[in-house]
Amino acid sequence: MFISKRPAGWKTFRLALCALVLVPLVSPLAFCRQTGGSPSPNGAAIFNRRCAKCHGEQGQGISAIVSIAGPNIQAVHNPGRAMMAVETGPGHMPSFVNVLSVPEIRAVSYYVTQHLAVIPLQGGNLAEGGTLFRTHCAACHRTAARGGALAFTGINAPSLANYSAPLVAGAIRWGPGPMPAFPPSVLSDEQLNSIVKYVTFVQHPPDPGGNSLGYCGPVAEGFAGWIGVLVLVIFTIWIEKGGRG
Amino acid sequence: MIRRIGRWFDSRLHLAQPAREALNHVFPDHWSFMLGEIALYSFVVLIITGSFLAMFFNGSTAHLIYHGPYRALDGVEMSAAYQSVLHLCFGVPAGLLIRQMHHWAALIFIGAIVVHVARIFFTGAFRRPREINWWIGLTLLVLALSNGYFGYSILGDLLSGAGMRIGYSMMLSIPIIGPWLAFLFFGGRVPVDVTIPRMYGLHIFVVPAAISVLLALHLGIIWRQKHTNYPGPGRTDHTITGSRIWPTYTAKSIGLFFLVFAVIAALGALVQIDPVWIYGPYDPIAILPGAQPDWYLAWVEGAMRLFPGVNIYLGPYLIPEVFFPGILFPVLFFIVLYLYPFFDKFITHDNQPHHVLRHPYEQPFQTALGCAVFMFLFVLFVAAGDDVIAVATGTSVVTIRLILRILVFVAPAVTGIIVYGLCILSRHRHARGLERALESASAEGRLISGENEVTQ
């Protein structure tokens, strides 16, 4: 939803914009170079200009004893949540609806969730990840991570077959929609990495037994079994015809 | 040489005469009379593959740590049962193939029984004098269903653990005797360590022995009563037409055995079934809502999903809602099936012994009823996978469930009405056709009779 295809020429445009805005400011220019490949350098710029004074340059928060001091937002993994904060201005934070355009809000929100709130993706243990996945995620996403239906909300937990590792990691911390968020107090970075490892593994598990039938479970197997029964019934007809055509 | 050996045995056992008689037995020719044989041969495959599995399966719940080729479970604590299944899948040559064949054979076994029962039902083959075999057959079906449940419940994976919990709570829901029955059966509050060994004993010994005995009885009674046949020229309630057991029938039957084996082997080799390594070991913390059973129990699961959540009190006692769809419904269903021969007698006022079958269209009501019931069961079966449908179609499971709740009544009614109409039509057409055939036959002065058929 939040990731849309950028039009061709975006990169050039982005660089031009970057230069235009940042040339006078030396230190942010260095920053821009650092994150050259990132999708939202102007997000960084906006953040540093508008938000850093309250949230700190890394989103770590500032420790002033004033009510407007922004908290640590490094655990905000949900771009929707960040956008909401920027638009509505919760508590003592001002609203930026009249200050920033919609693309700017989006860019700064992405900057917060994907650059300040990154989770180091290393370490972790596959088998432990499997165990954690079964206890924390399988109730909704099913054991094969191919998605499940939640009767109480009517919303489906999606199949995780096509999610990249950073997206999975982000979703675990963020908890989109009816999915609970798993903050570091519940799942440490190490455990989170184990889960991400397992999800990546189960996206392409070894299938020693042949076709997996989409990991749909016994109902799909039942249909396949009935195809077997039908084939055999057709065979009996064929036998009674004397084995001819 | 062979003749000499034969004579040696015969002079001691005197088998030649009865064998000759047996081989002269006539069995009618029709494909629908071979459906039961598909079940029989799947059972043979089950026994063969099951014996192999029993050499490697360890029906114990002792806890240990897995170390083996399946990386994603390396170092995970699990039951010895589950560990032995993993070893069977990844360590034993052909182990996975045999395991998958065993499971597919179970699905096909019960599927073939259902098709066979349907044939018996729609052609009225359960009528006097075959009520006993109808009951034995139904009992075989019940035994097969329960053994299937035991079979996939003992593996110790997450799915089977969830299934065991469902079975346990279903049994608990029976008013008054539920807790005792559940204790007797599961040996305590599930998950408890004694359940798997207990079910394993039932699965490999008690139930297969019962099935074998009843199967022998079933076949013996068919032998004694002779097989039924479809109505046709020269076929009466006193004769039997068809081919001799030897050689024609034997050849057909052995051919069918190979085909059954081939289909099961093909499924076992090409299509994954019950991939327990994906499910992971059973862990009471890891809840798995929406666990599906194998198809032959899925209709009960579907009924439980569609049944509305209502509280019904019996005096001061609350009857848990799973009791109605989970226990009462299947029990009543089987009671009706068991009593069906009496019901048929009641509506047809016919208590004569029959050896000639009736075509389904001759009994429009019964045929329509049977088809409606099958449609009902089919919708319930689909309902057991409502979550899968919801995810696959991207709709809410609440919507899917609502649609199925409507369909479960509408689809059988529509099916019944359509089938009833078709039966009436085809009864009419057959009556006209017969009239014409008789006219032309009497005009030419001959009666049509089947070719290559032996009458006894």
Can you tell me the length gained on complete extension of the stretch B:VAL192 to B:LEU438, counting 0.36 nm per residue apart and subtracting the Cα distance?
81.5 nm
On the first, second and third principal axes, largest extent first, how far apart are the outermost C-alpha atoms of region A:121-206 in Å?
35, 33, 21
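Considering every residue in B:26-36, what mean count of other chain Cβ atoms within 10 Å of its Cβ is obtained?
3
Cβ neighbours within 10 Å, averaged per peptide: list B:218-231, B:280-293, A:176-189 in order, most packed at the top.
On the way: B:218-231: 15.9, B:280-293: 20.2, A:176-189: 14.4.
Sorting B:218-231, B:280-293, A:176-189 by mean packing, highest first, produces B:280-293, B:218-231, A:176-189.
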Show me the trypsin sites (Lys or Arg not before Pro) within region B:227-304 that DSSP assigns to loop and that have at most 16 other Cβ atoms within 10 Å of their Cβ.
none
Which chymotrypsin sites (Phe, Trp or Tyr not before Pro) in region A:151-245 pass both tests, a DSSP loop state and at most 12 other beta-carbon atoms within 10 Å?
A:PHE152
What is the dipole size for region A:148-245, taken about its Cα centre, with +1 at each Lys and Arg Cβ and -1 at each Asp and Glu Cβ, in debye to the nearest 20?
220
Amide H neighbours of B:ASP157 under 5 Å, counting only residues 5+ apart in sequence or on other chains, H built in-plane at 1.01 Å?
B:TYR282
Antiparallel as a % of all DSSP beta bridges within chain B, to the nearest 5?
90
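How do B:192-199, B:348-355 rank on mean C-beta neighbours within 10 Å, highest first?
B:192-199, B:348-355
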Hey, rough spin-label estimate for B:LEU13 and B:ALA216, points 7 angstrom out along Cα→Cβ, what's it come to in nanometres?
1.5
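Give the average, rounded to an integer, of partner chain Cβ atoms located within 10 angstrom of each Cβ in B:288-300.
If you average over the peptide's residues, the count of other-chain Cβ atoms is 5.
What percentage of the solvent-accessible surface of chain B, computed with a 1.4 Å probe over protein heavy atoms, is contributed by carbon and sulfur atoms? Present the calculation step by step, with values, prior to reporting the outcome.
On the way: 15860 of 22330 Å².
C and S fraction of accessible area: 71 percent.
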Over all pairs of distinct alpha carbons, what does the Kirkwood formula give as the hydrodynamic radius of region A:41-118, in Å?
12.1
Work out the charge dipole of region B:291-392 with +1 on the Cβ of Lys and Arg and -1 on the Cβ of Asp and Glu about the Cα centre, then indicate which of B:PHE324, B:TYR361, B:PHE343 is farthest towards its positive end.
B:PHE343
Using a 10 Å cut-off around each Cβ of peptide A:132-141, what is the average number of partner chain Cβ atoms that fall inside?
4
Lys/Arg +1, Asp/Glu -1 at C-beta; the protein assembly as shown dipole; positive extreme among B:LEU217, A:GLY228, B:PHE205
A:GLY228
With N residues in region B:260-419, Rg(alpha-carbon) / (2.2 N^0.38 Å) equals 1.33
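Once the Cβ-Cβ distance between A:ARG49 and B:TRP180 is put in as r, and R0 is 56 Å, what FRET efficiency do you end up with, to the nearest 0.05?
In this case the efficiency is close to 0.15.
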Chain B: relative contact order from alpha carbon pairs under 8 Å, six or more residues apart, as a whole percent, is 22
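Please work out the average accessible area per residue across region A:41-118, using the 1.4 Å probe convention, and give it in Å².
Ligands and nucleic acids excluded, the result is 52 Å² per residue.
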For the protein assembly as shown, what is the mean residue ellipticity at 222 nm derived from helices alone (per DSSP H run of n ≥ 4: -39500 (n - 2.57); sum divided by total residues; nearest 500 deg cm²/dmol)?
-18500 deg cm²/dmol
Spelling out what I want: for every residue of region B:119-132, take phi, set θ = phi - 60°, compute 6.51 cos²θ - 1.76 cosθ + 1.60 (Karplus), and round to whole Hz; glycine and proline get x.
4, 4, 5, 6, 9, x, 7, 7, 6, 3, x, 9, 4, 4
XL table A:LYS241/B:LYS226; A:LYS53/A:LYS197; B:LYS226/B:LYS345; Cα-Cα > 27 Å flagged, in table order, is A:LYS53/A:LYS197
For B:ILE245, what charge total do you get from the other residues with a beta carbon under 11 Å from its beta carbon, if Lys and Arg give +1 and Asp and Glu give -1?
+2
Cα principal axis extents for chain B, largest first, Å
82, 65, 43
Provide the packing ranking of B:32-45, B:305-318, i.e. peptides ordered by the mean count of other C-beta atoms within 10 Å per residue, highest first.
B:32-45, B:305-318
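To the nearest 100 Å², how much accessible surface do chains B and A cover up together, summed over both, with a 1.4 Å probe?
On the way: alone 24550 and 15140 Å², together 35020 Å².
The B and A chains share an interface burying roughly 4700 Å².
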Which value in Å is the Kirkwood Rh of region B:363-456 over different Cα pairs?
17.0
Evaluated at q = 0.11 Å⁻¹: base-10 log I(q)/I(0), Debye formula over Cα of the protein assembly as shown
-1.19
What percent antiparallel are the DSSP beta bridges of the protein assembly as shown, to the nearest 5?
85
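The values are calculated or read from the model by the stated rules, or taken from the named source; none is laboratory data. Remember, it's a predicted structure, so these values are computed and weren't measured experimentally. Using ideal geometry, Cβ is built from the backbone for each residue, glycine included, and neighbour counts are taken over all protein chains shown. SASA here: full protein model, heavy atoms, side chains in, ligands and nucleic acids out. Shrake-Rupley method; radii C 1.70, N 1.55, O 1.52, S 1.80 Å.
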